[in-house]
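Undergrad: The structure under discussion is supplied below as structure tokens; questions concerning it will follow.
The values are calculated or read from the model by the stated rules, or taken from the named source; none is laboratory data. Everything numeric in this text was worked out from a predicted model, so none of it was measured. Here Cβ is always computed from backbone atoms with ideal geometry, including for glycine, and neighbour counts include all displayed protein chains. Accessible surface areas use protein heavy atoms only, side chains included; no ligands, DNA or RNA. Shrake-Rupley method; radii C 1.70, N 1.55, O 1.52, S 1.80 Å.
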Amino acid sequence: MPGKLKAKIVAGRHLPVMDRASDLTDAFVEVKFGNTTFKTDVYPKSLNPQWNSEWFKFEVDDEDLQDEPLQITVLDHDTYSANDAIGKVYIDIDPLLSSEAATVISGWFPIYDTIHGIRGEINVLVKVDLFNDLNRFRQSSCGVKFFCTTSIPRCYRAALVHGFVEELVVNEDPEYQWIDRIRTPRASNEARQRLISLMSGELQRKIGLKVLEMGGNAVVGYLQCFDLEGESGLVVRAIGTACTLDKLIPGSASNTNTHPNTAPASNACNSPSKEIKEPVFSEDPTHPLSVPPTPLRTLPSSSSPPPFSPSKLCSRQSSSSDTDLSLTPKMGMGSGISVGKEAGPLKTLLRQQAQSALEQREFPFFTLTCFPPGFLVHIGGVVSARSVKLLDRIHNPDEPETRDAWWEEIRQEIKSHAKALGCHAVVGYSESTTICEEVCILSASGTAAMLNPRFMREGCLDAGGSDQRLSRQPPLGMVGSERAEGEVSSSWLGFDDASPPSCGFCHIPYDEFNMPFPAQLTYCYHCRRQKVPDVLFTTIDLPAEAAVTGKGCLIQARLCRTKKKAQGEVNATAISNLLPFMEYELHTQLMNKLKLRCMNALFGLRIQISVGENMLLGLASATGVYLSALPAPGGIQIAGKTPSDLSYDQHISTMQKRINDTIAMNKELYNIHPPECIEEVVGSPIPDRQRSRLFRSTSESSDELSELDLSHGKKDAFVLEIDDTDAVEDIQSLLTDAPMPAGFYSCNTEVMPGIYNWTSGLQMFTSVRVYRLNNANLTNQGLNKIFTDLCENLLKSLYFKLRSMIPCCLCHLNFTVAVPEEELIQVAVTAVAMSFDKETQLAADKALNKGSGENEEQLQFSMELCGESTSSNNQPTAKPSGLPESAMTHSSSRDRCSTWLELLRLKAHTIRRGSVKTTSSSERCSPLPEVRSRSLRSTRSLPCGAPVTVVKMTPLSFLPRTRIVKYLGIINMFFIRETTSLREEGGVSGFLHSFIAEVFAMVRAHVAALGGNAVVSYSMKECVFMENPNKNQAQCLINVSGDAVIFVRESDQEAIPPLITCGQTSTTGADGTT
Amino acid sequence: MQIRYAVFTPILCRTQRFNCAINNTRLQMLFTQTVPGAIYLLATVSPRLDRYITLVKAYKMSMELDVFVGNTTIMDMEVYQLWLDGLTVSDAVKVRMDEGALLECEANPEVLTSDTMDQFRTFQMCERLLHSPTKLGSQLLYQIPAQNQIILIERYYEFDSVFAREVLGKKLSKGTKKDLDDISCKTGITLKSCRRQFDNFKRVFKVVEELKGPLVENIQRHFLLSDTLARDYAAIVFFANSRFETGKRKLQYLSFQDFAFCAGQLISYWTIGAMDSMMEDMDVDLEKEFLNELKDLKVLVNDKDMMDQHKILVCAALRGKIKVYKLMEVNFKNLSRALVNLASKLTHTKDVRDLFIDLVEKFIEPCRYDRWTVAEITLFLTHYTNAAHCLGTFRHQMIWDRYMGVIKSSQCSPLLHLSLIKVNYLSPTPSISSVSPPVNILNELNTFLICKL
């Protein structure tokens, strides 16, 4: 009996009228946990009953505590007929099981009914008395903390990052069981909700067990997904990164101020002090860290996935397969390239060192997207793999072998891609599925990277010395690796200590003479010693230490492909055949748009491919930035297919001019002014730095290039060859992306580079749109156009909606597309709008500049920043002038479109990735709340006088101008809502509007009941909407997750020191924790 | 394919020109394609437009569902007003376009329509909560900042005084609700808005009807309205409860505000709450006992001695002070009789209902006929009231004061709508400062009002 759960029902309010005669309700409550049920007395004739019940006590196993939700049902007592259910509340008691999270759940919960929505509220008190169980063979994993946040949570430090954990459980979907034919929709929905709640509890428990086995105490970047496979069942799967986290005590923060993990914002502050901090092991009593830590051990057989076995799938396709590798831009697509034969022996040494640490793991994957400084050594590029499967009924829910094998396969592929890129790890890793009928596409993507092996070892995050002491590796190897690194790039030790340019992460990890794909290498624009690629694509967030010129922006590639309707195997094959082309085109679009914005790196890349019965949708979103360490991007050159008549040439040249104008305009808009003169001072070995200016000229720059780059003589400008229909599309879509209205910025990463002074005003929102295509005989171009317009219009609507927050930035713009039915396209967006203060931007920039200048190298960058800051001030004035221009561009482009003149073909000559240069000065620009400037008026502070706790929600891992003081536990909720009176509820829009509002309300209520006042890392992972207007019915499923937290507002006084000292590396850490 | 014919608006961006040959005539049309599925034809509408629909076939699609939900509910108060005014979405879009909403954020009509629909839907979903405003603060469904909640409620319960004037004194029943379309035609307020206002009246009435304690406070407590708005609602509730006749032609010149003022007076003088706010009774009904006691005032006209004495006292006080002194002297008995008879009749519900019409017919009209000024009437009434105290045999001082308090103010208050210069007028009248405060104010008002007559 290791646990006692106690619940008390206090009162209800706003109950619905259940008795028409008296306009009142005789309500009572059933409290159920596991198989035990208690009832309160009936509180007669009231809409605001006061039950004030005794404590209902459940004595249960902690295993059940983890799996089961507490189920509270409110009913209306009826003397003559059956009692009517008013609604239910499911309370996940997991947060109470961790000693560090919440201690009591107390508050008003909305009473939810799957047919009627929220019907009143109920006040509940829940407590848990947990008896510690030190049984080694236990099945529970109480105490393991879960975080959705994909970085080290704010008030913790990572003592150790153990690595990838995954698990999946399968079951039959109650909706498809035979019993569903005879039970009510309500019963069916409730069975489904309950089952998924149980399954996710079980999943968490199992993952927790794995974490304990690895010696960790927390899962960061926990990503749980549902696959509703219809007939074939229900899969709940999760991935995450196991870590050993130590809680930072605010008081002691000043001592540990050098710790990089206190806040990614202060990542820059690599400890100047060599003080070794012992990880605190005694924090969690159940935590078996005293056992010799085995973080590198492969998963034990009990939990390891079954051996790789060919599944009964009918078709299987991965994007790496036979697409033209030389053209395939995807990083890591070169699976055929062996890694072992590097030229540089030092690099090899390093690699071996790192590999020895990582390769012992089955999958060296990390779901994190933000890292402690020094963690990332190099970034290779994006690796992704997709596989098309045919679903089959899950025969034995207890042995989910097939699904495990599928994922195993994909992960192996990812791993091999990463290897091909010369990387031993994958960061920013995520998995997803899309299902249509019986076809399922499994996708996984991440960023191949070289990691600092020290972080994988015990207690070595603090300083170099400790890892030698604690390391299980031979000390010699350790030293060797460090020396090697010191020569190969700016040494880790170096940048741990004095923070010299940390451009290391954009240096290529692979061998330059044996590249996995054609790439254009140049010397790093920052350190001048290492090679960097010309373009860098990643799935992670922009590292805090990265030096960025100008601001970033959201870049989206959208693609629609028609497909013949088919069944089974044929269908799967058709999809498999389409996938590589879609990926290729998405990539080309991304590349073009990136060039058009004069940027050279993409962060947070997320490619979603969605299958419908007769079409495939592809949507790639990323945040483009200009990394100072990478070469300036070349322009876009349009070339006709053949030397033809004069008018044709003329057309090409006008088009070219328009593209050039757009590039110039975008440079203004995003403040991108590459620091040319500075490079002169450095004595750049690269003669063609003017390329950023002369980007139009192909011949010129290619000449220059051949001079500089020994390996590749071709290219500078990106050449678009106009020779077929598709290219018209591409060029058009390139140019018709509407610019953002003045005062708006957007990105899909955590924060926007170039904006530092957030105010506390923020607005999280979800927007869903469904479009019906009225004509089935659409061409690919027609579809593309529709899809692009659809996304653009959605963005426009968002801008208009949020215009009161100007100046603001839409952060973490997360688009999800789906094809719920034939001819329907569904787009859902969840993002947060955060306003920033324009006036203080200048001040902040100045302060940043002042802060830098410790050495000459940094001085250069401070000058660069200076230029940036002044131009950011000019920006508002510059923008209006730019806008009419863009409008002109559009209309004229449409002119041309209307004449349907030429057919273009877009061809990428070279597609590569670039690298990033980082400086310590850039760290100061890190736009996180801790370094935000002082005394900003909060534009939209919510009233505190309201009786209902205001709960803020954000998809980001932080709240601007606040400090998260406590994580209360993970929020993971699944709701179903159904209606049989669609018209009466305001049609589909009215129905979904109220459902989403209800979901928000329930999330807020749970957070408030835990004692929290915000949800961070919030995401809506699933929004499945089905309608049948003829029957006046609709059904919707929503799955949301996030971390409940308590934050405190940073007072103005507190905020001043960061502003002044944020430039000084030694204090930045303290700012993060105070 | 839906083609919408939009009014030409020069601010539309992104237009596209089509040159179309129709019957050998070149016709230029401007299309703006704002969102897939909707083509706005800006310049000319050709009868043979369908021929050109093929041009834009590629954009065939329509929006099935469009939802935006913020963690903090976003509410545009300008759109809220349009919604309250009962406009349809398309009308509201037009109004917003005229107001230049398209200039913001590079919006286009489609964006505006989407936003307006969304806002209207939000308001519609919140409407249920606005019906019991106290719920709005404790509900969990929408996270609305407190200051917005206040505005939402206040605006929702605001009403057009033209409309209120029409409904004033009528029974708030289904029958009246059926007549709302007439009122809508007459006042130019949309039927939807009329219904909302009527339902508000009815809802407030139902809630406070049976409640004990001060009416205004009850309304404020249950509906969280501002003080002024709560007072107006108190008047509406009071009139609806007592069903005072206000619809007669002779009363047409009185505005809602005039009646609201009167209601305030009646509540503060003639209800039980007026005498004892601690009393466990309500403000809504006139005090029966008091109305019965009013009969006793008859002695003022029935007792000849008393009447003569009364007249002498008043005349002595007014001599030389008013121009219409002669007429007053002649008519004193008629006037006094009119006022006292009015009081004595109030035991019958019918007569209570006709209070205002009787006042106008029996007292105000004779005075007006004799060309009394407002100041003169005020002065007369003041002395008329005070003189009764000096009558040694008159024992109903309390009743008299309560009665006359209302008469003094309410018969004159009808002129409140001319009261713009009230403040200016009042300031140079220091003589009244000796009187006790409430009476003081009433007198001030009277003086002023009667002047305006």
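Undergrad: Per 5 Å bin, what percent of the C-alpha pairs of the stretch A:1-99 does each bin hold, from zero upward?
TA: P(r) for the stretch A:1-99, in whole percents per bin: 2, 13, 23, 21, 15, 11, 8, 4, 2, 0.
Undergrad: Right, another one. Name the long-range amide H neighbours of A:Gln530: under 5 Å, sequence gap of 5 or more, or other chain; modelled H, no Pro or chain starts.
TA: When sequence neighbours closer than 5 places are left aside, the close amide H contacts are A:Cys524.
Undergrad: From Cα coordinates alone, what are the radius of gyration and Dmax values for the stretch B:131-197 in angstrom?
TA: 14.8, 41
Undergrad: Take B:Lys362, A:Lys551, B:Lys345 and sort them by solvent-accessible surface of the protein heavy atoms, 1.4 Å probe, largest at the top.
TA: B:Lys362, B:Lys345, A:Lys551
Undergrad: Name the shape class, rounded, prolate or oblate, that the alpha-carbon gyration tensor gives for the stretch A:749-807, where a ≥ b ≥ c are the square roots of its eigenvalues, rounded holds for a/c under 1.5, and otherwise prolate holds if a/b is larger than b/c and oblate otherwise.
TA: Verdict is prolate for the stretch A:749-807.
Undergrad: When the Karplus curve 6.51 cos²θ - 1.76 cosθ + 1.60 is applied with θ = phi - 60°, which whole-Hz ³J(HN,Hα) does each residue of the stretch B:191-207 get, with x for Gly and Pro?
TA: Working through the residues one at a time gives 4, 4, 5, 4, 4, 4, 5, 4, 5, 4, 4, 5, 5, 4, 4, 4, 5 Hz.
Undergrad: Given that compact globular proteins tend to follow 2.2 N^0.38 Å, what is the ratio of the alpha-carbon Rg of the stretch B:325-388 to that value?
TA: For the stretch B:325-388, the normalised Cα radius of gyration is 1.14.
Undergrad: Among A:429-436, A:539-546, A:384-391, how do they line up by average Cβ neighbours within 10 Å per residue, starting with the highest?
TA: A:539-546, A:384-391, A:429-436
Undergrad: Go through A:15-26, A:651-662 and give me the packing order, highest mean Cβ count within 10 Å leading.
TA: A:651-662, A:15-26
Undergrad: Please compute, for peptide B:132-145, the average count of beta-carbon atoms on other protein chains lying within 10 Å of each residue's beta-carbon.
TA: Mean inter-chain Cβ contacts per residue within 10 Å come to 6.
Undergrad: Could you sort A:His417, B:His222 by accessible area so the largest value comes first, with the probe set to 1.4 Å?
TA: Greatest to least solvent exposure: B:His222, A:His417.
Undergrad: Moving on to the next point. How large is ³J(HN,Hα) for each residue in the stretch A:1023-1029, as worked out from phi by the Karplus curve 6.51 cos²θ - 1.76 cosθ + 1.60 (θ = phi - 60°), to whole Hz, x for Gly and Pro?
TA: 8, 9, 10, 10, 9, 9, x
Undergrad: At a probe size of 1.4 Å, how large is the accessible area of B:Tyr80, to the nearest 10 Å²?
TA: Accessible area of B:Tyr80: about 0 Å².
Undergrad: Roughly how big is the stretch A:1-145's charge dipole about its Cα centre, with Cβ charges of +1 (Lys, Arg) and -1 (Asp, Glu), in debye to the nearest 20?
TA: Computed charge dipole of the stretch A:1-145: roughly 280 debye.
Undergrad: Another question, then. So which of A:Lys8/A:Lys145; A:Lys389/A:Lys595; B:Lys350/B:Lys408; B:Lys295/B:Lys408; B:Lys212/B:Lys345 end up more than 24 Å apart, counting from Cα to Cα?
TA: Too far apart for the 24 Å limit: A:Lys8/A:Lys145; A:Lys389/A:Lys595; B:Lys212/B:Lys345.
Undergrad: Given H placed on each backbone N at 1.01 Å, which residues far from A:Ile540 in sequence or on other chains put an amide H within less than 5 Å of it?
TA: Under 5 Å from the amide H of A:Ile540: A:Gly604, A:Leu605.
Undergrad: Something else about it: Ratio of Rg to Rh for the stretch A:1-42, alpha carbon only, Kirkwood?
TA: Checking Rg against Rh, the ratio lands at 1.12.
Undergrad: What average count of beta carbons from other chains do you get within 10 Å of the Cβ of residues in A:1025-1031?
TA: Partner-chain Cβ atoms within 10 Å, mean over residues of A:1025-1031: 1.
Undergrad: Using a 1.4 Å probe on protein heavy atoms only, how many Å² of accessible area do A and B hide from each other, summed over both chains and rounded to 100?
TA: Answer for the A-B pair: about 5500 Å² buried.
Undergrad: Quantify, in whole percent, the carbon and sulfur part of the accessible surface of the stretch A:563-634 (1.4 Å probe; protein heavy atoms only).
TA: Here carbon and sulfur together make up 57 percent of the probe-accessible area.
Undergrad: A:Tyr799 accessible area, nearest 10 Å², 1.4 Å probe?
TA: 10 Å²
Undergrad: If you take the Cα Rg of the stretch A:193-242 and divide it by 2.2 N^0.38 Å, with N the number of residues, what do you get?
TA: 1.24
Undergrad: Ok, one more. Take the stretch B:226-369, compute every pairwise Cα distance, and split them into 10 Å bins from 0; I just need the percent in each bin.
TA: Result, from short to long distances: 10, 33, 33, 21, 4, 0 percent.
Undergrad: On the first, second and third principal axes, largest extent first, how far apart are the outermost C-alpha atoms of the stretch A:144-219 in Å?
TA: Principal-axis extents of the Cα atoms in the stretch A:144-219, largest first: 54, 24, 15 Å.
Undergrad: To continue, here is another question. Sorted by accessible area (1.4 Å probe), largest first, how do A:Asp1043, B:Asp370 line up?
TA: Listed by decreasing accessible area, they come as B:Asp370, A:Asp1043.
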